[in-house]
Amino acid sequence: MAAHLKKRVYEEFTKVVQPQEEIATKKLRLTKPSKSAALHIDLCKATSPADALQYLLQFARKPVEAESVEGVVRILLEHYYKENDPSVRLKIASLLGLLSKTAGFSPDCIMDDAINILQNEKSHQVLAQLLDTLLAIGTKLPENQAIQMRLVDVACKHLTDTSHGVRNKCLQLLGNLGSLEKSVTKDAEGLAARDVQKIIGDYFSDQDPRVRTAAIKAMLQLHERGLKLHQTIYNQACKLLSDDYEQVRSAAVQLIWVVSQLYPESIVPIPSSNEEIRLVDDAFGKICHMVSDGSWVVRVQAAKLLGSMEQVSSHFLEQTLDKKLMSDLRRKRTAHERAKELYSSGEFSSGRKWGDDAPKEEVDTGAVNLIESGACGAFVHGLEDEMYEVRIAAVEALCMLAQSSPSFAEKCLDFLVDMFNDEIEEVRLQSIHTMRKISNNITLREDQLDTVLAVLEDSSRDIREALHELLCCTNVSTKEGIHLALVELLKNLTKYPTDRDSIWKCLKFLGSRHPTLVLPLVPELLSTHPFFDTAEPDMDDPAYIAVLVLIFNAAKTCPTMPALFSDHTFRHYAYLRDSLSHLVPALRLPGRKLVSSAVSPSIIPQEDPSQQFLQQSLERVYSLQHLDPQGAQELLEFTIRDLQRLGELQSELAGVADFSATYLRCQLLLIKALQEKLWNVAAPLYLKQSDLASAAAKQIMEETYKMEFMYSGVENKQVVIIHHMRLQAKALQLIVTARTTRGLDPLFGMCEKFLQEVDFFQRYFIADLPHLQDSFVDKLLDLMPRLMTSKPAEVVKILQTMLRQSAFLHLPLPEQIHKASATIIEPAGESDNPLRFTSGLVVALDVDATLEHVQDPQNTVKVQVLYPDGQAQMIHPKPADFRNPGPGRHRLITQVYLSHTAWTGMPGGSEAAAGLQLQCSHSKMPLDGGW
Amino acid sequence: MPEIRVTPLGAGQDVGRSCILVSIAGKNVMLDCGMHMGFNDDRRFPDFSYITQNGRLTDFLDCVIISHFHLDHCGALPYFSEMVGYDGPIYMTHPTQAICPILLEDYRKIAVDKKGEANFFTSQMIKDCMKKVVAVHLHQTVQVDDELEIKAYYAGHVLGAAMFQIKVGSESVVYTGDYNMTPDRHLGAAWIDKCRPNLLITESTYATTIRDSKRCRERDFLKKVHETVERGGKVLIPVFALGRAQELCILLETFWERMNLKVPIYFSTGLTEKANHYYKLFIPWTNQKIRKTFVQRNMFEFKHIKAFDRAFADNPGPMVVFATPGMLHAGQSLQIFRKWAGNEKNMVIMPGYCVQGTVGHKILSGQRKLEMEGRQVLEVKMQVEYMSFSAHADAKGIMQLVGQAEPESVLLVHGEAKKMEFLKQKIEQELRLLPEAKKPRLLHGTLIMKDSNFRLVSSEQALKELGLAEHQLRFTCRVHLHDTRKEQETALRVYSHLKSVLKDHCVQHLPDGSVTVESVLLQAAAPSEDPGTKVLLVSWTYQDEELGSFLTSLLKKGLPQAPS
């Protein structure tokens, strides 16, 4: 693995280097004959417009350098004037736009020309393209007010064009460049200053829907650029909501949303009545109405935007979940209301009567509004929509609104629970996650809990695990609820034994959240009897463990509970406290010694001493320089041991402790290597002795790579030190090789490579060099000119002395450092059943692993499969296989396909050897790093 | 404006025997041709003599359109085409064309074989009738003849149900048939574009009902089935072969799949199997979920649902059985019901409406002791549940569709008169239909008539083409101002005044002393007789009439006092 790791990192190294070389070669190309000339020749050669177009197309594929852009532009313009064919002119215009985007080229010089040709152009398509070019120029020069003004004028002039394309582009230009200040600056010609908003607003009623859309988009663009839109736009936008075209409506919804965020509190009148309401409420009602639009694109848009309208008043918000039911003009209660009523009246299961939902009161026909102007039932519609995109958007919006309003959260619960039965898994998952997010605000009723728990039988693992997490943070109101949850979870456990860990964890939280509710259940759960001793349950039964986890966690905050335990429960507690310490908390048991006094609470909460200890031990290492080699070695060894122990004890400090320990170990190895006798003896005699030194060098390299890539939160400061250490290891390697190999030829290459590395080091970390006072590299760089010219033998000599003299660099501790780690949950190691598969065929192996603190796992994590014959196979899991259950945590659930050709290594192996054995335990998780 | 005449031959203000005659601009179209379940005499079919008294059907009707395969919309078709005699085209969608003959044949069998009716249409007639059918695709515009065109829209309700737009010239009518605005497990929601027809003929079965969300019902249904099965009970679901049966099958199938259940589900054989076959074929007509996943697996290829055999009813252990017919009045469902009724662990779920007099209706109304034939008394101990899975649009849905189509007027059919009255009020109140639909737009242009061709072109182009010079019509007006200063100064004052008032217009002061506002020209002149007053000549073109008259009225009010 180490070798592999190294190889990969080398690969990365070379990859990083390459682009620089490429840039260098590019620069050389500049001296070649200029592009413009070549283009000119090409275009002159062209006999027909089609030919010219071909040349231009070819030309467009190659990049043009900033220096030659100007020339090319001139040539293009020249041809533009001559050209009769609109398609060629169009291409030239688009090329102009492309070229003006070239970095390092200032396009103001071509603007005049572009505006000029714009005035004489007849073809609408070319006009549109030219305006696009102007837009590119304008966006390139955001500071130049005069140019922007001029461009806006040009755009205004062409707004009256008959072609929608031209008008589109004009509006786009206005949106992107229109001046933000409303100040009345006058043009030279005495033209009144243009109010961009008004101009754009006039095109809201254009006859072409594309232009209308462009106008709204331009308005939104203005808003994005920081212009405060007028409130008058609101009315215009509202009219556009009933447009015939979906793209117009979709854009209008956005615009309304923007305005409602700008002027939430201003008052608008309700048409056909004297009442007035807040603008944000009115907008909310209008957007709600769009949730039942004919086009699903608009519906998605509307549903999404609803979520971010948090200022809306609660009265309107709650209407979204309200849909007045009636049957034959008589008011009917919704199923939700009925469920609630049944629950509160105490009578539960029902529905046995026909007409249980029979309508009650008569409805006043005049009062029923079938199309409520307001928000009525928007979410009811959204959640029932035909397209799952709309449903997901609605669920997301519900989530956001519920997070900001607890009363709304309570109300939307029923609807979210209903979504657990959606036909599309994505929607179900989304609604479970939503529920989890708002679970602080809610308490589940028993009947709701019942529905939620029914989903535990889902065959999708994601759904079940999401639900477990939801249960972790749910509030349950009654002890029956807890019992119900436990029973369902146990049912789940028997049906899907793989969920064991997740269920235990879930019960842990459930217990610690509801100690008082668990208390009355304890005798029943433990099946104790007041008079008789009951049989001792099987300790290895996952279901029994699950029950115990629930009880022990509840007992933590409920001191009366342990009194109800029977003898074997205490024994089991001791066992579980040891074996599943992350699930079972320490309990204070009456009349007994604390079973786990070693980890009694008195030690744990004090964090400072250990932090101090860490600091002290690291400071001790400072004095390393002044000690004799023997003493230094001992000090390092002690410190490493201390750190390792500390890391084991204190999980929060594990990352830091490990990190520093690794660094110190490298130093220790280096010192040891330098203490070797071989340095004092003539080289040829001690070929074998050098093994230790070269092994040390190798190990240091390996450790430094681990330090660099296996920890998250490593900062640049540390990277420098790590690289410095690696450089030392490389020097050591060079010296050892020099001493053990005869002949200078290989040495030349190595020397050169080493010097190159030093050069890289210097280039990469030039900013950090001042911190490296007195270090190996510091000295090395001083002597660099000498090293460059001297012979390998000499170099080696210099290096050797420098290595010995160089100071030990102190490793500054990063703020947050965590060791990346991976645990393979499945396949379990040391499985008794080896995996069998037929040669040539494929077998799928489920891999389930948790990754902690791995950055960008999609690209860095691979699965390695080692076959018994030593073959290794790297498998890249799909990005979709990674789930992100929490910060810094990733879950990899994937399938690895194993296949192997016939066993070749077997004595007398032939095709007859059909069955292959493969131990499951050897799929490892190497962590691969990349830059 | 040519008039549109609508004559309902059936289902005008009731449900069943849908048949509506529409005449638009001389074209006659018959919409649906259904039978009535409630009658066994002549009244079961629409009265075609209304048409035939004036001649043959084929001569009168330009085409017949069938919206979907339910018998109350297509049941009279063979009678109409073969026995009364019609040879013109009959339009329906592909799924309707496929399933319709199966149902007609089934209907015929029951009427002739079971009830022994004579003078009923024969199998051959059904076949002949189906030969006259022209199948259409969704959103396909079919030219029936030069002037008449029809177009189908998706309607939900059942597989292949469609709404039809009938268009003659600029007049159009939309007929909805039956439709559903809320999607279910196998079909999507009805959709129509903003076609702004002159008339929208819509069903109104649930004109006075607003329904609860479908999810609650589904959840209840699944929960009840699941609980019963877990207890070890048997569940009987009486259904009709097509429509709801498939929806419930999908519902249970996906639930079984999700929950990993192993309890067997059976479906009674026969008609249903055939129908399921068509459901598998017409995937584009189903909902989003089925359409998206059918490449991996066709949802109608049920994994957990197997064909039922009579012997299975006596098997021990839990099971779920779908059996026909849906009202428990005869056949397999009744047989199974009699076997299972005695056990309180079992359950029967009625997913739809039951007609009075059927066993289904009796048990739903709470009867626990049933008298069967032969004086037997059957005690019903099993649980009885009712759950409505209806696929018609409710009042909100109807309003939504009306809102989508934006018709000039709406005609309600296929519902009860009283309920329609309510919905009518609501539509009038809330949608405020009419003229806005086709709003007039102002257009400047010239109509050129040349070689009996009409062309509408811009005026400039017309002038150019005809080689005419443009005439300008200018209005001029004199405004007297009291101003003792010189003309130049007066002009300057006018300029600054206008500049401050007309911010949106381009006001310019020309070097010759005159002021222009767009095309309006203002000149100050001093009349010789009175030095105290100045005459302001205002002149504007016809196009700028509005601005010109505004300016004169503005100037007549006088200039503001000049700052001294």
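The values are calculated or read from the model by the stated rules, or taken from the named source; none is laboratory data. This one's a predicted model, so the numbers in the text were calculated from it and none came from an experiment. Ideal geometry is used to build each Cβ from the backbone, glycine not excepted, and the neighbour counts take in all protein chains shown. SASA here: full protein model, heavy atoms, side chains in, ligands and nucleic acids out. Shrake-Rupley method; radii C 1.70, N 1.55, O 1.52, S 1.80 Å.
Taking Cα atoms of the stretch B:343-433, Rg/Rh with Kirkwood Rh, to two decimals?
Here Rg/Rh amounts to 1.23.
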*Just grab the label-to-label distance for B:Phe39 and A:Gln895, each label 7 Å out from Cα along the Cβ direction, in nm (one decimal).*
6.1
*On average, how much accessible surface per residue is there in the stretch B:1-138, in Å², for a 1.4 Å probe, leaving out ligands, DNA and RNA?*
42
*asked:* Checking buried surface per residue: for the stretch A:264-297, which residues lose a minimum of 50 Å² accessible area in the protein assembly relative to the chain alone (1.4 Å probe)?
replied: A:Gly294
*Using only alpha carbon positions, build the gyration tensor of the stretch B:65-165, then give the equivalent ellipsoid semi-axes as the square roots of 5 times its eigenvalues, largest first, whole angstrom.*
26, 16, 9
_As a test of the formula, what do you get for chain B when each DSSP H run with n ≥ 4 contributes -39,500 (n - 2.57) and the sum is divided by the residue count, at 222 nm and rounded to the nearest 500 deg cm²/dmol?_
-8500 deg cm²/dmol
*Which three lengths, in whole Å and largest first, does the stretch A:504-561 cover when its Cα atoms are put on their principal axes?*
31, 25, 14
*Three principal axis extents, largest first, for the C-alpha atoms of the stretch B:389-532, in Å?*
91, 48, 27
_Only protein chains counted, 1.4 angstrom probe. Which residues of the stretch B:378-406 are at least 40 Å² less accessible in the assembly than when their chain is isolated?_
B:Tyr386, B:Lys396, B:Gln400
*For each pair in B:Lys234/B:Lys339; A:Lys495/B:Lys292; B:Lys194/B:Lys426; B:Lys339/B:Lys381, compute the distance between the two Cα atoms and list the pairs where it is over 18 Å.*
A:Lys495/B:Lys292; B:Lys194/B:Lys426
*Can you run the Rg to Rh ratio on the stretch A:524-596? Use alpha carbon positions and the Kirkwood inverse-distance Rh.*
0.92
_Tell me the angle of helix B:244-259 to the major Cα principal axis of chain B, expressed in degrees between 0 and 90 and rounded to the nearest ten._
80
*When the C-alpha atoms of chain B are aligned to their principal axes, what extent does each axis show, in angstrom, from largest down?*
124, 59, 47
*Taking only Cα atoms, what is the 0 to 90° angle, nearest 10, from helix B:545-556's long axis to the longest principal axis of chain B?*
50
*Expected-Rg normalisation [2.2 N^0.38 Å, Cα atoms] applied to the stretch B:280-334*: 1.53
_Kirkwood hydrodynamic radius, computed over distinct alpha-carbon pairs, for the stretch A:365-502: how many Å, to one decimal?_
15.8
*asked:* What number do you get for the protein assembly as shown when its Cα radius of gyration is normalised by 2.2 N^0.38 Å, N = residues?
replied: 1.20
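At 1.4 Å probe radius, can you tell me the per residue accessible area of the stretch A:374-428 in Å²?
Here the per-residue accessible area is 24 Å².
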*asked:* For q values of 0.21, 0.22, 0.23 Å⁻¹, compute log₁₀ I(q)/I(0) with the Debye formula on a Cα-only model of the stretch B:1-133, without solvent.
replied: -1.32, -1.45, -1.57
*Which residues of the stretch B:170-218 end up with at least 40 Å² less accessible area in the presence of all protein chains than when their chain stands alone, using a 1.4 Å probe?*
B:Pro183, B:Arg185, B:Lys194, B:Thr208, B:Ile210, B:Asp212, B:Ser213, B:Arg215, B:Cys216
*Phi to ³J(HN,Hα) by Karplus 6.51 cos²θ - 1.76 cosθ + 1.60 over the stretch A:449-464, Hz, x for Gly, Pro*: 4, 4, 5, 4, 5, 4, 6, 4, 8, 4, 7, 7, 5, 4, 4, 5
*Tell me, what % of the accessible area of the stretch A:717-766 is carbon and sulfur with a 1.4 angstrom probe?*
57
*What percent of all Cα-Cα pairs in the stretch B:263-375 falls in each 10 Å bin, counting up from 0?*
11, 37, 31, 17, 4, 0
*What's the long-distance tail for the stretch A:437-540, i.e. % of Cα pairs beyond 17 Å?*
54
_With a 1.4 Å probe, what is the total accessible area buried between chains B and A, in Å² rounded to the nearest 100?_
5100
*Determine one quarter of the surface area of the Cα convex hull of the stretch A:112-168, which equals its mean projected area, and express it in nm² to one decimal.*
3.5
*Using R₀ = 22 Å, calculate the FRET efficiency as 1/(1 + (r/R₀)^6) where r is the Cβ-Cβ separation of A:Ser87 and B:Cys506; round to 0.05.*
0.05
*For B:Met163, list long-range residues whose amide hydrogen, built 1.01 Å from N in the peptide plane, is under 5 Å from its own amide hydrogen.*
B:Tyr153, B:Tyr154, B:Ala155
